[in-house]
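What follows is a short report on a single structure.
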Amino acid sequence: MFKPFEKISKQNFLIMVGLQVFFILLVWQLSPIGLIPQPTHVLSALGQLLGTRLLIDNLLVSLLLTLQAMLYSILITLVFSYLSVIPFFHSVAQFIVKCRYLTLTGLIFIFTLLTKDGSQLKLSLLIFGIVPFFTTSFLAVILRIPAQEYELCQTLGYSRWESLYEVIVIGKADQVFEMVRQNFAIAWMMITMVEGLNMSEGGIGALLIKYNKYNDLPHVIALQAIIFGIGLFFDYLLGLLRHWLFPYTMAHKK
Amino acid sequence: MTPYTKTEVLLQAKDLQLSYGNKCILHDINFSIRDIIRPGLQQGQVVSLVGRSGMGKTQLFRILSGLQKPTSGSIIIRERKPAEVSPGSIAVFQERAVRPGDMGVIFQNYYQFGWRTVRQSLLLAARRNKLLEGKEEDTMLQYAEQFDVIDILHRYPSQLSGGQQQRVSIIQQLLKGANFLLLDEPFSGLDVCVLDKVVELLQQVSLSDELKTLIIVSHDIATAVAISDTVFILGRTKGVEGSTLVRSIDLIERGLAWQKDVRREREFEETLEEIKACL
């Protein structure tokens, strides 16, 4: 367990992780640091949150907004990524990638002018925030495609458009799930930020800001734990969906 | 000697030259492959291109396949005019420069689409072949049976052994309907038993159609020579940068072609020594 490159079974790995989590919680419980609440307080806040409709309602608002933003972002990303192999659109795709360096806060006013209501504002800000990260990931996938994949298409007499369809659209479809999985965290992180801009519709971000405002740290940490848990759940779900929809990602030599 | 005649030129390399900047890789490559006719047999052509590592074999392979353009010169192939192809019609031929897709190409690592099962990959190739219209599935199954891959049709490339991948690659390119089959180092990394099977398989392919032409690029001289009718040797001439064809050997004239136990012949050994001396 302490040797480099040592392989351990899945069961042993889970036991090890369980013990590590238990140890950290124990240390946290036994050595209180200033205002940071102890795990028991967080657990009690979590129980309180789970017992009300407040959490479910806000969570649903956030999830719906995230999924909507993710869906639009995937579509935009795929269109520009697929087109990026055409020189005319390559520069557009590259520009989208560079948009990662723009801050959302600086664009709120422009987006407010461009959108009709708070809901649209949040959605468009989220899409604008997510698309550059998705595009960066997917362009990296396209760049990593070995020349042999295109050459095999050529030897089979495919036209360039057919090669694009076979190698990038069909061949990298599983990578779309991987891209979403890797970048879901970014979307999930941004949701708490954009929900702070328009709190009237609620959402987990609005809830977090409210508890932060009143220094209700047990509830803040409890909410963080929920956000963390949902993130892990989606990570697992997307991985599972990828293997189910694209069995070759699980295919190994027999 | 087995009676045979060499008729029309099927492929001709004319004054091929390849340079990267000022560096000359290949120069003055000229050769042709003629249709061999043996009475009572559908005898295809098997040509080997041998040479030491770093002699530009892979570059020549890519030029022949149409995947890479030479700096100058051309590869001309003779093909049936598509419009004339129908059962019972007299084949009319035309000559033209090679294009990507004209040749069946089997890469050294037998690359296949990782997201397609063997069945899907083979059907994709069969659907490119207009002559197979309406009977793609049946022809694919025939080949799968013939090349012993029928049990692995549902598998993905990552689930295949090296030998299985090679067979799938060959069937795929055969289904595509190309008369020319280019093989890059087909004997590389194979154990003795598998090597014999591959040799047998290539001989089987060469006997499947009179116009079928196998071009094998290899540094395994003994195996390549054992199954070929012609050997082209890629090497260097003194004082000249880049490689060229330094020698060609007609193995039919020497009585070394189409023989199962050719390796036991003294002349085979002598030919190998002769080739080695040219490298």
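The values are calculated or read from the model by the stated rules, or taken from the named source; none is laboratory data. Remember, predicted model here, so these are calculated numbers, not experimental data. Cβ: placed from backbone, ideal geometry, glycine included. Neighbour counts: every protein chain shown.
Among the residues of the stretch A:132-148, is there at least one that is within 14 Å of chain B (Cβ to nearest Cβ), touching a Phe, Trp or Tyr at 6+ places or on another chain (Cβ under 9 Å) and over 18 Å from A:V194 (Cβ atoms)?
So far as the stretch A:132-148 goes, yes, one or more of its residues are within 14 Å of chain B (Cβ to nearest Cβ), touching a Phe, Trp or Tyr at 6+ places or on another chain (Cβ under 9 Å) and over 18 Å from A:V194 (Cβ atoms).
Here is a list: B:Q173, B:Q166. Which entry is within 14 Å of chain A (Cβ to nearest Cβ), in a helix (DSSP H, G or I) and crowded, with 21+ Cβ neighbours inside 10 Å? Spell out how you get there, then give the answer.
Working: B:Q166 fails: within 14 Å of chain A (Cβ to nearest Cβ).
Unique residue meeting the criteria: B:Q173.
Take B:L122 and tell me if it is buried (at least 17 other Cβ atoms within 10 Å of the Cβ), within 21 Å of the chain's Cα centre (by Cα), at negative phi and in the same structural domain as B:K14 (by TED's automatic domain parsing).
Criteria not met by B:L122.
Go through the stretch B:126-143 residue by residue and tally those that are within 12 Å of another protein chain (Cβ to nearest Cβ) and out of contact with any Asp or Glu (no Cβ under 9 Å at 6 or more places or on another chain).
2
Looking only at the stretch B:140-149, which residues are crowded, with 18+ Cβ neighbours inside 10 Å and either more than 21 Å from the chain's Cα centre (by Cα) or of a type in the set (A, V, I, L, M, F, W, C) (or both)? First the steps, then the outcome.
Keep residues of the stretch B:140-149 that are crowded, with 18+ Cβ neighbours inside 10 Å, which gives B:140, B:143-144, B:147, B:149.
Residues satisfying the conditions are B:M140, B:A144, B:F147, B:V149.
Would you call B:E241 free of Cβ contacts under 8 Å to residues at least 40 places away in the same chain and surrounded by fewer than 18 Cβ atoms within 10 Å (Cβ to Cβ)?
Judged against the criteria, B:E241 is not a match.
Please report, ordered by residue number, the strands (runs of 3 or more DSSP E) entirely within the stretch B:190-279 with at least 1 residues that are more than 23 Å from B:K176 (Cβ to Cβ) and touching a Lys or Arg at 6+ places or on another chain (Cβ under 9 Å).
Per the criteria, B:230-235, B:244-250.
Mind checking which helices (runs of 4 or more DSSP H) fall wholly inside the stretch A:101-213 and carry at least 3 residues that are under 22 Å from the mean Cα position of the chain (by Cα) and surrounded by fewer than 18 Cβ atoms within 10 Å (Cβ to Cβ)?
A:118-143, A:173-195
Within the stretch A:225-254, which residues are more than 14 Å from chain B (Cβ to nearest Cβ) and either touching a helix residue (DSSP H, G or I) at 6+ places or on another chain (Cβ under 7 Å) or surrounded by 16 or more Cβ atoms within 10 Å (Cβ to Cβ) (or both)?
A:A225, A:I226, A:I227, A:I230, A:G231, A:F234, A:D235, A:L238, A:G239, A:L241
With the requirement that a residue be among the basic types (K, R), outside any helix (DSSP H, G or I) and out of contact with any Gly (no Cβ under 7 Å at 6 or more places or on another chain), what does the stretch B:118-145 give you?
Matches in the stretch B:118-145: B:R127, B:K135.
A quick yes/no check of all residues on (1) away from chain A (no Cβ under 14 Å); (2) more than 20 Å from the chain's Cα centre (by Cα):
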| site | (1), (2) |
| --- | --- |
| B:H154 | no, yes |
| B:L181 | no, no |
| B:P186 | yes, no |
| B:L201 | yes, no |
| B:I215 | no, no |
| B:A222 | yes, no |
| B:V240 | yes, yes |
| B:S243 | yes, yes |
| B:I249 | yes, no |
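Within the stretch B:98-117, count every residue that is part of a loop (DSSP other than H, G, I, E, B), of a type in the set (A, V, I, L, M, F, W, C) and either more than 7 Å from every other protein chain (Cβ to nearest Cβ) or closer than 14 Å to B:L174 by Cβ (or both).
Total meeting the criteria: 2.
Which pairs turn up if I take residues in the stretch B:50-79 that are in contact (Cβ under 8 Å) with a residue 12 or more places away in the chain and look for partners that are surrounded by fewer than 18 Cβ atoms within 10 Å (Cβ to Cβ) and hydrophobic (A, V, I, L, M, F, W, C) with beta carbon separation below 7 Å, at least 6 apart in sequence or on another chain?
B:G51/B:L279; B:R52/B:L279; B:S74/B:A97; B:I75/B:A97; B:I76/B:A97; B:R78/B:V9; B:R78/B:F93; B:E79/B:F93
Is it the case that some residue within the stretch A:33-41 is modelled with pLDDT under 90, at positive phi and small (G, A, S)?
Yes.
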